[in-house]
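Some notes on the structure that comes next.
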Amino acid sequence: VLLYSVLPRVDTNELAHRLLIRFGNIKHLLSASPEDLLAVEGIGKKAATQIHLFGKLALSLTTFAKKKPPVIKSFYNNKEEFLQFFTDEKVEKLVLMLLDEKYVKITHVIFTNSRESEIAVELTEIAKVLAINKPTYVIAVHNHPYGNLVPSQADDKFTANLNIICALQGVTLLDHVIVTKTDSISYFINGKLDQIKHTVNVKDIMKNIEEL
């Protein structure tokens with residue numbers, strides 16, 4: 001099949017067998033260098049490049065599939081996993097880390113815009129993300145690229161709204177962390193997340209549902 005895409009009017013069956021005989025099996029064939037492939041009669045530069053690139057792609061996908069997703073219980077236990085999203089970032093960005101019941105990462109979702117001091121995130125978009133991925137836990141992290149580390153009123157309001165959205169779908173919000181280039185602050189560690197969770201009532205939830 002690979003050969004036919006680059007040699008459309010050639011009987012590739014004999015050439016395919018010649019390649020397999022030369023390299024022994026499909027694994028060795030796909031691991032071969034373009035130079036080794038060119039040494040086989042009937043293989044030109046285009047075919048050699050096609051086979052070589054397909055082999056690199058197959059190896060990459062296999063390695064990715066074998067890689068186990070990380071276990072993430074807190075921002076501070078997995079700093080590198082989170083901070084990679086904020087390297088040299090000049091605008092505010094929100095990362096939601098979605099975890100299963102064993103704290104294994106399901107996926108992460110990034111929300112961003114072009115503003116330096118504010119990130120506009122629609123609650124409906126977060127609700128969709130939770131509904132699709134069905135996490136058990138969520139950790140939210142966003143950056144203040146040029147701002148004060150201290151959470152703003154907007155940050156507090158967002159945390160409260162995020163907690164409500166999570167609660168409505170049976171998801172536990174583990175933390176909301178704000179990071180700068182040199183430091184970080186956690187709503188969970190400083191007790192603000194616990195305060196927010198204890199002040200949420202049915203009226204608050206119903207009000208937010210109406211706003212959605």
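The values are calculated or read from the model by the stated rules, or taken from the named source; none is laboratory data. Please read these numbers as outputs of a predicted model, since none were measured by experiment. Using ideal geometry, Cβ is built from the backbone for each residue, glycine included, and neighbour counts are taken over all protein chains shown. All accessible areas refer to the heavy atoms of the entire protein, side chains included, with ligands and DNA or RNA removed. Shrake-Rupley method; radii C 1.70, N 1.55, O 1.52, S 1.80 Å.
Restricting attention to the range 134-157, the residues that are within 16 Å of Thr112 (Cα to Cα) and of a type in the set (D, E, K, R) total 1. Residues in the range 131-157 that are within 17 Å of the chain's Cα centre (by Cα), among the aliphatic types (A, V, I, L, M) and under 19 Å from Phe75 (Cβ atoms): 4 in all. Residues considered: Leu83, Leu19. Of these, the only one that is modelled with pLDDT of 85 or more, aliphatic (A, V, I, L, M) and out of contact with any strand residue (DSSP E or B) (no Cβ under 8 Å at 6 or more places or on another chain) is Leu19. Of the numbered conditions (1) in a helix (DSSP H, G or I); (2) surrounded by fewer than 21 Cβ atoms within 10 Å (Cβ to Cβ); (3) touching a strand residue (DSSP E or B) at 6+ places or on another chain (Cβ under 6 Å), Leu149 satisfies every one except a single condition; which is it? It fails just one condition, (1). The condition (being assigned to a helix (DSSP H, G or I), at pLDDT below 90 and closer than 30 Å to Leu15 by Cα) is satisfied by just one residue among Leu37, Leu61: Leu61. Is it true that Phe85 is assigned to a helix (DSSP H, G or I) and either within 15 Å of Val179 (Cα to Cα) or open to solvent by 40 Å² or more (accessible area, probe 1.4 Å) (or both)? Considered against the rule, which asks whether it is assigned to a helix (DSSP H, G or I) and either within 15 Å of Val179 (Cα to Cα) or open to solvent by 40 Å² or more (accessible area, probe 1.4 Å) (or both), Phe85 comes out as yes.
In contact (Cβ under 8 Å) with a residue 12 or more places away in the chain, open to solvent by less than 60 Å² (accessible area, probe 1.4 Å), β-branched (Val, Ile, Thr) and in contact with a helix residue (DSSP H, G or I) (Cβ under 6 Å, 6 or more places away or on another chain), is that true of Val91? Against the criterion (in contact (Cβ under 8 Å) with a residue 12 or more places away in the chain, open to solvent by less than 60 Å² (accessible area, probe 1.4 Å), β-branched (Val, Ile, Thr) and in contact with a helix residue (DSSP H, G or I) (Cβ under 6 Å, 6 or more places away or on another chain)), Val91 does not qualify.
Yes/no matrix, rows are residues, columns are (1) of a type in the set (Ser, Thr, Tyr); (2) on the phi > 0 side of the Ramachandran plot; (3) in contact with a Ser or Thr (Cβ under 8 Å, 6 or more places away or on another chain):
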{"residue": "Thr112", "(1), (2), (3)": "yes, no, no"}
{"residue": "Ala127", "(1), (2), (3)": "no, no, no"}
{"residue": "Leu130", "(1), (2), (3)": "no, no, no"}
{"residue": "Pro135", "(1), (2), (3)": "no, no, no"}
{"residue": "Asp155", "(1), (2), (3)": "no, no, no"}
{"residue": "Ile178", "(1), (2), (3)": "no, no, yes"}
{"residue": "Tyr187", "(1), (2), (3)": "yes, no, yes"}
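When we screen Ile178, Ile165, Ile106, Ile139 for residues that are under 22 Å from Asp194 (Cα atoms), in a strand (DSSP E or B), β-branched (Val, Ile, Thr) and free of Cβ contacts under 8 Å to residues at least 60 places away in the same chain, the only hit is Ile178.
Thr180 - would you say it is open to solvent by less than 40 Å² (accessible area, probe 1.4 Å), over 25 Å from Glu101 (Cα atoms) and at pLDDT below 95? For Thr180, the condition - open to solvent by less than 40 Å² (accessible area, probe 1.4 Å), over 25 Å from Glu101 (Cα atoms) and at pLDDT below 95 - is met.
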